[in-house]
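The next block holds one structure in the form of structure tokens; read it before the comments.
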Amino acid sequence: DTISNYLTAVMAKLLENRESKKDIRVFCIKSAVVNAYTTGNGIVFVTTGLLARVRTEAQLAFILSHEYMHYVYKHSIKGYIESRKIVKGKGDYKELSIEKKYLARQAFSREQESEADLKGFALYAKTDYGFEEGDA
């Protein structure tokens, strides 16, 4: 579809000189929810709700760079594995209460989001998109 093709073109600009660009596919999902997410196999989903909020292509490019870093660092896979350890009380999580397990899952997720932000910003900084254009 036209929107997914546009999203793919923006991602291609970000990944211009990267071998892994052939592994990434970007699709639009019709949903009012403001969100984007990446699967472990390189599929990035962007909702129409998010697209309605984005004011510039540069803002979209930053979001896509963030999502790409989730793929590069295998956050969805690592998050699933860590979540299973926490839920089952394995290793360091063995003696934790339900509340502390919940907090551990949230902390792990925040670490992944911070990593995607920092690494995504570094990728975005190497593009022709301006920083003023990307300011949310």
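The values are calculated or read from the model by the stated rules, or taken from the named source; none is laboratory data. All values reported here derive from a predicted model rather than from experimental measurement. So basically every Cβ, Gly included, is an ideal-geometry build from the backbone, and we count neighbours across all protein chains shown. To get the accessible areas, we keep the full protein, side chains included, count just its heavy atoms, and leave off ligands, DNA and RNA. Shrake-Rupley method; radii C 1.70, N 1.55, O 1.52, S 1.80 Å.
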Residue count, segment 104-117 (criterion: over 9 Å from HIS66 (Cβ atoms) and in contact (Cβ under 8 Å) with a residue 12 or more places away in the chain): 6
Test result for GLU57, touching a residue at least 40 places away in the same chain (Cβ under 8 Å) and in contact with a strand residue (DSSP E or B) (Cβ under 8 Å, 6 or more places away or on another chain): no
Selection from segment 95-118 of residues that are under 21 Å from the mean Cα position of the chain (by Cα) and of a type in the set (Asp, Glu): GLU111, GLU113, GLU115, ASP117
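Enumerate the helices (runs of 4 or more DSSP H) found wholly within segment 1-81, keeping only those where 3 or more residues are open to solvent by less than 10 Å² (accessible area, probe 1.4 Å) and within 21 Å of GLU115 (Cβ to Cβ).
57-72
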Residues of segment 90-136 classified as modelled with pLDDT of 85 or more, open to solvent by less than 70 Å² (accessible area, probe 1.4 Å) and not in a helix (DSSP H, G or I), total: 4
